[in-house]
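**Q** Okay, handing you the structure first.
The numbers here are math on the coordinates, done by the rules we state, and not lab data. These numbers were taken from a predicted model, which means no experiment stands behind them. Every residue, glycine among them, receives a Cβ derived from its backbone with ideal geometry; neighbour counts consider all protein chains shown.
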């Protein structure tokens with residue numbers, strides 16, 4: 001029987017017609033082939049897998065890194081009567097079990113998960129016994145080491161799809177350069193004909209580059225915002241401190257601005273986002289933490305107060321403006337000084353060869369079955385958790401280890417009724433078991449802390465039985481649970497013949513990543529300094545040819561220092577500052593404190609450049625007066641200076 005896709009779209013989602021590219025992608029998937037959809041932000045990617053999910057027999061598994069986006073999409077699908085669910089860390093054990101039951105019985109059409117969920121051996125086993133008709137991978141550029149937002153967990157998705165025999169795989173992204181797209185196609189076996197890419201050109205966006213020295217940016221910003229203070233506006237800055245200080249500055253000047261960044265409490269961020277969506281707070285000063293999953297059609301201005309990390313990030317961020325089709329302005333206040341801070345972030349992320357070798361030693365010398373905390377491993381070695389995750393992922397892909405399951409080490413328990421009342425409904429053996437479990441806990445004023453592994457050892461019982469019992473009591477409203485201390489289980493498959501060679505190969509990968517990130521920054525500067533059509537420049541970056549200048553960007557209109565002809569000029573900026581006497585005294589005083597988190601030249605350099613690390617965060621050194629003392633200095637200069645202070 002032939003399916004009329006347009007009728008199905010109307011029946012299930014209420015849309016009278018497809019947007020560009022959607023129907024082509026759906027036809028490829030229904031034919032049983034993998035596909036790649038490169039659609040601009042707001043281009044309607046979700047229908048490309050949601051409609052096939054309804055039409056195909058079996059489960060559609062959607063992998064997405066954005067919990068907030070998962071929740072919004074699941075809520076919308078459920079309102080339309082479509083059986084959708086999400087598995088994430090906010091669910092109780094009973095809620096997760098109910099979802100597993102719906103998977104097993106075929107009562108679920110779409111299941112949204114984070115990529116980290118696939119590290120759970122139990123979850124993979126459940127999927128192996130479930131008919132998975134389609135795997136949809138959102139933010140698919142994260143799979144590519146050439147991409148701007150590489151995530152190690154994405155690397156395992158191709159092997160996962162092969163292991164489960166899933167032939168229909170839809171990769172979705174809004175930011176794939178030709179090299180990244182080729183990487184995605186190779187990983188998932190997508191033929192070139194099944195790579196559907198829409199134009200990134202948005203004719204309603206007025207792109208503008210405004211070269212500005214650092215001390216001139218705030219005046220320009222005020223001028224722009226005072227033209228229409230009620231227009232929905234996002235102002236992007238590099239650092240959390242920039243978001244805070246800009247919001248305070250704009251408020252002092254009578255403009256209704258609020259800051260948004262990852263350092264705020266969850267409820268504060270949620271309130272800020274809601275105020276922006278409702279129009280109560282039209283101006284948001286934000287880091288890139290703001291915007292993913294924001295579905296507000298009438299954003300009229302995107303202003304980049306600092307240079308973005310890459311042209312991919314920039315394109316994604318400006319793509320949030322003018323989704324209603326009306327004119328919107330996207331302006332970049334370009335200053336070369338921003339480059340130093342962005343480069344410092346890149347240098348600060350790269351681990352030393354010694355740290356890589358040390359971590360590999362610690363991972364591969366733990367026995368055939370072991371577990372570890374990514375957080376603790378990062379803290380002990382003072383390298384970022386992303387580096388730990390990347391190392392573990394490569395060890396998995398190279399066949400040295402296999403992930404088993406993550407688990408929590410402790411549970412904080414608050415009884416909502418008297419324990420004896422809770423136990424009334426159980427037989428004597430069950431009551432005895434539960435009393436013994438609670439007796440192993442450490443009592444606080446309101447909460448009891450229970451370590452299931454220690455309790456299992458003390459009671460000569462099974463850890464999983466204890467965890468299931470606590471989850472059962474929570475589901476019946478007898479207690480509140482707060483799990484913490486996540487650890488990840490692994491199985492060692494083999495030991496490397498030459499650990500030094502493995503460490504060297506890993507270090508080469510991190511070095512290559514650093515080189516790529518620095519190259520992306522140079523691409524941003526090239527865009528900001530070029531006098532050619534801004535849209536032509538951006539589209540060319542994504543492999544799209546635009547034969548004629550757009551005619552509507554600032555360069556084409558001649559109001560940004562050019563007249564539509566080629567214009568090139570260095571961005572304004574100040575020379576790199578010197579490390580002076582006013583710095584050396586403070587640094588010597590810092591060294592005199594003998595902080596364990598600042599033992600090596602790299603640790604000290606990161607601290608002085610204002611880059612957090614696991615060790616300095618744990619030691620609360622980010623509050624120290626010397627933190628970010630050399631923030632505007634090039635990292636390599638600071639590192640060389642620190643090597644003269646801390647000679648091994």
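**Q** Based on DSSP H runs of at least 4 residues, each adding -39500 (n - 2.57), what is the mean residue ellipticity at 222 nm of the chain after dividing by all its residues, to the nearest 500 deg cm²/dmol?
**A** Value at 222 nm, helices only, nearest 500: -13500 deg cm²/dmol.
**Q** What distance in nm lies between label points placed 7 Å from Cα along the C-beta direction at residue 402 and residue 15?
**A** So the label points at residue 402 and residue 15 sit 4.0 nm apart.
**Q** Could you state the number of Å between the C-alpha centres of the stretch 422-449 and the stretch 58-115?
**A** 33 Å
**Q** Given just the C-alpha atoms of the stretch 5-197, how large is their convex hull per residue in cubic angstrom?
**A** Per-residue hull volume (Cα only) is 110 Å³.
**Q** Indicate the gyration tensor shape class of the stretch 18-75 (rounded, prolate or oblate), computed on the Cα atoms with a ≥ b ≥ c the square roots of the eigenvalues: a/c under 1.5 is rounded; otherwise a/b larger than b/c is prolate and the rest oblate.
**A** The shape class here is oblate.
**Q** Could you let me know the centre-to-centre spacing of the stretch 493-566 and the stretch 1-31, using Cα atoms, in angstrom?
**A** 35 Å
**Q** Can you give the direction-averaged projected area of the convex hull of the alpha-carbon atoms in the stretch 148-207, in nm²?
**A** 5.4 nm²
**Q** Contact order normalised by length for the stretch 581-645, with contacts defined as Cα pairs under 8 Å and 6 or more residues apart; what percent is it?
**A** 36 percent
**Q** Moving to a separate point now. Determine by what factor the alpha-carbon radius of gyration of the stretch 406-491 differs from 2.2 N^0.38 Å, reporting the quotient.
**A** Scaled against compact globular proteins, the figure is 1.06.
**Q** Over the Cα atoms of the stretch 199-314, how large are the radius of gyration and the largest Cα-Cα distance (Dmax), in Å?
**A** Rg and Dmax of the stretch 199-314, Cα atoms, are 13.7, 41 Å.
**Q** Could I ask something else about it? Would you work out if the chain is rounded, prolate or oblate? Take a ≥ b ≥ c from the square roots of the eigenvalues of the alpha-carbon gyration tensor; rounded if a/c is under 1.5, else prolate when a/b is larger than b/c, oblate otherwise.
**A** oblate
**Q** The stretch 372-431: percent of C-alpha pairs farther apart than 17 Å?
**A** The answer is 64 percent, as a whole percent.
**Q** I've got another one for you. Using alpha carbon centroids, what distance separates the stretch 570-648 and the stretch 211-235, in Å?
**A** If you average the Cα positions of each part, the centres end up 32 Å apart.
**Q** Packing-wise, with mean Cβ within 10 Å as the measure, how do 372-382, 260-270, 622-632 rank, highest first?
**A** Ranked from most to least packed, the peptides come out as 372-382, 622-632, 260-270.
**Q** Note down the Stokes-Einstein diffusion coefficient of the stretch 503-624 in µm²/s, whole number, using a Kirkwood radius over alpha carbon pairs, 25 °C, and 0.890 mPa s.
**A** Reported coefficient: 130 µm²/s.
**Q** Roughly what % antiparallel, to the nearest 5, for the DSSP beta bridges in the chain?
**A** 30 percent
**Q** If I take every Cα pair under 8 Å that is 6 or more residues apart in the chain, average their sequence separation and divide by the length, what percent do I get for the relative contact order?
**A** 14 percent
**Q** Over all alpha-carbon pairs in the stretch 218-277, figure out the percentage whose distance exceeds 15 Å.
**A** 51 percent
**Q** Continuing with this model, one more query. Ranked by Cβ crowding within 10 angstrom, fewest neighbours first, how are 486, 341, 303 ordered?
**A** Placing the least packed residue first, the sequence is 486, 341, 303.
**Q** Then there's this: Just how many % of Cα pairs in the stretch 104-148 lie over 18 Å apart, if you round to the nearest whole percent?
**A** Looking at the stretch 104-148, the distances longer than 18 Å represent 39 percent of pairs.
**Q** Can you list, largest first and rounded to whole Å, the semi-axes you get for the stretch 581-645 by taking the square root of 5 times each eigenvalue of its Cα gyration tensor?
**A** After diagonalising the Cα gyration tensor, the semi-axes are 16, 13, 12 Å.
**Q** Return 38, 413, 638 ranked ascending by Cβ neighbour count within 10 Å, so the fewest neighbours appear first.
**A** Result, fewest neighbours first: 413, 638, 38.
**Q** For the stretch 39-104, just say rounded, prolate or oblate: build the C-alpha gyration tensor, square-root its eigenvalues into a ≥ b ≥ c, call rounded for a/c under 1.5, and beyond that prolate if a/b exceeds b/c, oblate if not.
**A** Oblate, since a/c reaches 1.5 and b/c is not below a/b.
**Q** Still on this structure, I have one more. Among 154-162, 14-22, how do they line up from the highest to the lowest mean number of other beta-carbon atoms within 10 Å?
**A** Going from most to least packed, we get 154-162, 14-22.
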